[in-house]
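A.B. asks: This is the structure I want to talk about, given as structure tokens.
The values are calculated or read from the model by the stated rules, or taken from the named source; none is laboratory data. This structure is a prediction, so every number in the text was calculated from the model and none was measured. A quick note on method: Cβ atoms are made from the backbone with ideal geometry, for glycine too, and the neighbour counts reach across all protein chains shown. For accessibility, only protein heavy atoms count, side chains too; no ligands or nucleic acids. Shrake-Rupley method; radii C 1.70, N 1.55, O 1.52, S 1.80 Å.
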Amino acid sequence: MASRKGQTDVQQLFTIHRASKPKGAGLPLHTHDEAQLIFAASGMVQVHTERGVWLVPPQLVGWIPGGVSHRLDILSDAELWLVLLHKQALQDWAPSSFPDRAFVSRIAPLLRALLDEAVAIDPASDKAELVVRLILYELTAMQDAPTFLPLPQSVLGRRLAEIAIADHRNALDLSDLASRAATSVRSASRLFPTETGMTLKAWRQRVRIVWAMEQLSRGETIARVATQAGFASTAAFSAAFRQVTAMTPTAFLGDPTPAS
């Protein structure tokens with residue numbers, strides 16, 4: 001734990017935690033006053049908020065503002081690094097452009113080095129404070145993170161989303177999907193761009209790929225996941241995966257370098 005000079009221990013500005021979590025573990029829906037940085041140094045975690053669902057592999061780091069309800073699921077054995085920041089720390093240290101919403105950021109080399117340092121040094125040291133301040137400057141919100149599935153907010157939108165998420169093979173055509181949700185194709189098609197920023201077609205493809213990412217993180221083979229997701233071939237799956245994430249399934253599992 002660390003506190004800023006001149007302040008009492010009651011007002012600790014940040015804390016750093018490092019923990020190993022087994023597959024299947026997690027934290028139920030909860031809220032805390034501190035903002036939270038979530039990084040899986042190994043393994044895969046899934047973060048749920050009212051806005052949507054994020055997959056957070058080691059290539060990304062997640063950010064949850066204080067006061068935002070969230071749930072954490074551990075999809076595979078993971079080493080978690082967490083930094084919790086008091087609202088005063090954000091007011092004093094964060095750049096003026098820092099987002100006030102949940103987001104994920106890519107792990108650039110400098111950010112990874114800062115995170116490595118943060119969990120290795122004395123959290124009560126002046127250096128730890130400087131490292132945490134630099135981390136805030138290195139976080140860059142991705143505008144359309146491929147591992148984020150935005151959720152519609154209306155009752156109809158949530159009903160459509162639940163049916164589509166259960167249909168990860170994309171077996172239902174648009175007419176069937178709309179019929180099961182007791183709405184029209186026109187209403188369904190209009191709703192998703194308004195509530196999620198994505199067309200229904202693009203959103204459903206994102207559902208398939210996010211589902212595939214989960215399965216890959218659980219140890220399933222690429223070929224098996226391709227079949228389970230309803231793709232005609234591994235090549236077709238890889239092409240769709242790359243279209244959504246800018247990397248191949250193989251790169252997602254190992255090499256974090258995006259596909260060009």
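A.B. asks: Once phi is turned into θ = phi - 60°, what whole-Hz ³J(HN,Hα) does the Karplus curve with 6.51, -1.76 and 1.60 give for every residue of the range 225-240, x standing for Gly and Pro?
C.D. replies: Those phi angles translate into 5, 4, 5, 5, 7, x, 7, 5, 7, 5, 5, 5, 4, 4, 5, 5 Hz.
A.B. asks: Dividing the alpha-carbon Rg of the range 81-192 by 2.2 N^0.38 Å yields what?
C.D. replies: Ratio of Rg to 2.2 N^0.38 Å for the range 81-192: 1.58.
A.B. asks: Continuing with the same structure: Relative to the longest principal Cα axis of the chain, at what angle does helix 185-196 sit, 0 to 90 degrees, rounded to 10?
C.D. replies: Here the helix axis deviates by roughly 10 degrees.
A.B. asks: Computing the accessible area with a 1.4 Å probe over protein heavy atoms, can you report the carbon and sulfur percentage for the range 71-189?
C.D. replies: Percent of accessible area from carbon and sulfur atoms in the range 71-189: 52.
A.B. asks: Can you return the aspartates and glutamates within cross-link range of K23? Criterion is Cα-Cα under 18 Å, with same-chain partners fewer than 8 residues away left out.
C.D. replies: D73, D77, E79, E214, E220
A.B. asks: For q values of 0.13 Å⁻¹, compute log₁₀ I(q)/I(0) with the Debye formula on a Cα-only model of the range 127-260, without solvent.
C.D. replies: The Cα Debye sum returns log10 ratios of -0.64.
A.B. asks: What ratio of Cα Rg to 2.2 N^0.38 Å holds for the range 119-164?
C.D. replies: Here the Cα radius of gyration is 2.05 times the empirical estimate.
A.B. asks: What are the residues whose amide H is under 5 Å from the amide H of V53, where those residues sit 5 or more places off or on another chain and H is modelled from the backbone?
C.D. replies: L149, L151
A.B. asks: When the dipole is taken about the Cα centre of the chain, and only Lys, Arg (+1) and Asp, Glu (-1) are charged at their Cβ, what size is it in debye, to the nearest 20?
C.D. replies: For the chain, the charge dipole is close to 820 debye.
A.B. asks: If I take R0 = 30 Å and measure r between the Cβ atoms of A120 and Q143 in this structure, what FRET efficiency does the formula 1/(1 + (r/R0)^6) give, to the nearest 0.05?
C.D. replies: 0.40
A.B. asks: Another one. In whole Hz, what ³J(HN,Hα) sequence does the range 147-160 give by Karplus (6.51, -1.76, 1.60; θ = phi - 60°), x for Gly and Pro?
C.D. replies: Here the 3J(HN,Hα) series is 8, 9, 10, x, 10, x, 9, 6, 4, 5, x, 5, 5, 4 Hz.
A.B. asks: A further question follows. For M44, enumerate residues with amide H under 5 Å from its amide H, sequence gap 5+ or separate chain, H modeled in the peptide plane.
C.D. replies: L75, S76
A.B. asks: Can you give me the long-range amide H partners of K23? Hydrogens built in the peptide plane at 1.01 Å from N, cutoff under 5 Å, separation of 5 or more residues or another chain.
C.D. replies: Correct list: D77, A78.
A.B. asks: Could I ask something else about it? Please give the per residue accessible area of the range 90-247, computed with a probe of 1.4 Å over protein heavy atoms only, in Å².
C.D. replies: With the other protein chains kept in place, the range 90-247 gives 50 Å² per residue.
A.B. asks: Give the distance, in whole Å, between the Cα centre of the range 219-239 and the Cα centre of the range 55-88.
C.D. replies: 29 Å
A.B. asks: What net charge is computed for the residues neighbouring L139, neighbours being all others with C-beta under 14 Å from the C-beta of L139, Lys and Arg scored +1, Asp and Glu -1?
C.D. replies: After counting each charged neighbour, the total is +2.
A.B. asks: For the range 108-119, what does the Karplus curve 6.51 cos²θ - 1.76 cosθ + 1.60, with θ = phi - 60°, yield as ³J(HN,Hα) per residue in whole Hz, taken in order and with x for Gly and Pro?
C.D. replies: Each residue of the range 108-119 in turn: 6, x, 5, 4, 4, 5, 5, 5, 4, 5, 4, 8 Hz.
A.B. asks: Grab the alpha carbons of the chain, take their convex hull, and tell me the volume per residue in Å³.
C.D. replies: Enclosed volume per residue, from the Cα hull, is 129 Å³.
A.B. asks: Return the carbon/sulfur percentage of the accessible area of the range 14-54, one whole number, probe 1.4 Å, all protein chains in place.
C.D. replies: Answer for the range 14-54: carbon and sulfur cover 54 percent of the accessible area.
A.B. asks: Please state, rounded to one decimal and in Å, the Kirkwood hydrodynamic radius that the range 41-102 gives when every pair of distinct Cα atoms enters the mean of 1/r.
C.D. replies: Hydrodynamic radius (Kirkwood, Cα only) of the range 41-102 equals 12.9 Å.
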